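Bear in mind that the values in this text are calculations on the coordinates, not laboratory data. Note that the coordinates shown come from a computational prediction; the quantities given were computed from them, not determined experimentally. Neighbour counts are summed over all protein chains in view; Cβ atoms, including those assigned to glycine, are modelled from backbone coordinates with ideal geometry.
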């Protein structure tokens with residue numbers, strides 16, 4: 001049994017572009033790991049270099065996320081102006097957006113940090129101190145605006161609380177899993193009127209590396225599965241944790 005920091009976030013609009021999309025930009029249904037770490041960095045007021053350095057927050061924390069509601073979906077159209085041989089050209093592209101989103105983000109200390117805490121305190125169950133306490137204060141009064149996706153898609157923190165995390169059952173919905181579910185035996189738990197959406201499975205970065213010029217590069221790619229909200233899927237071989245009535249898996 002461990003303790004973790006729970007954030008409840010909501011936003012009128014959000015978009016999490018799938019990495020391989022260009023002209024038609026589809027969205028993940030939930031924020032990927034780098035977006036969550038971006039929220040943490042914004043709350044703490046960290047620069048890109050501070051957030052993604054080898055001993056930064058991304059190396060000290062583990063994260064999980066799930067949806068609290070079924071978001072709406074829509075599209076918006078953008079036009080890029082390009083200059084080709086001295087002439088202006090318009091290049092439209094479509095972007096999927098989610099509206100009315102509400103997510104729970106769970107933040108725990110990475111195993112190495114927990115072991116260090118335990119060795120200092122002499123306890124096998126360290127209290128929620130140190131970086132998690134710092135994060136709780138930061139999300140109550142963030143230094144930079146918090147966004148879900150683009151910089152102008154601001155998010156509101158509804159609640160910040162410490163919760164108990166226990167072993168759970170491998171039954172998931174509306175969450176992100178850190179493996180390819182297509183390689184497992186899935187058992188959808190269907191109910192009358194339920195709509196089963198296929199999971200989105202793609203490699204996504206767990207973090208970024210930042211060069212001296214401030215250019216970010218994807219680092220530590222991992223295949224992840226984004227499960228739709230509403231229909232429970234049982235994956236007998238999967239490890240699961242439970243918090244606030246929801247089963248989940250740590251992403252990193």
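Tabulated data for the structure shown
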{"item": "Percentage relative contact order, the chain, counting C-alpha pairs under 8 Å, at least six apart", "result": "28"}
{"item": "Prolate/oblate/rounded call for segment 2-248, Cα gyration tensor, a/c under 1.5 rounded", "result": "oblate"}
{"item": "Segments 157-164, 88-95, 131-138 sorted - mean Cβ within 10 Å per residue, highest first", "result": "131-138, 157-164, 88-95"}
{"item": "Mean residue ellipticity (222 nm) of the chain, computed from DSSP H runs ≥ 4 via -39,500 (n - 2.57), nearest 500", "result": "-4500 deg cm²/dmol"}
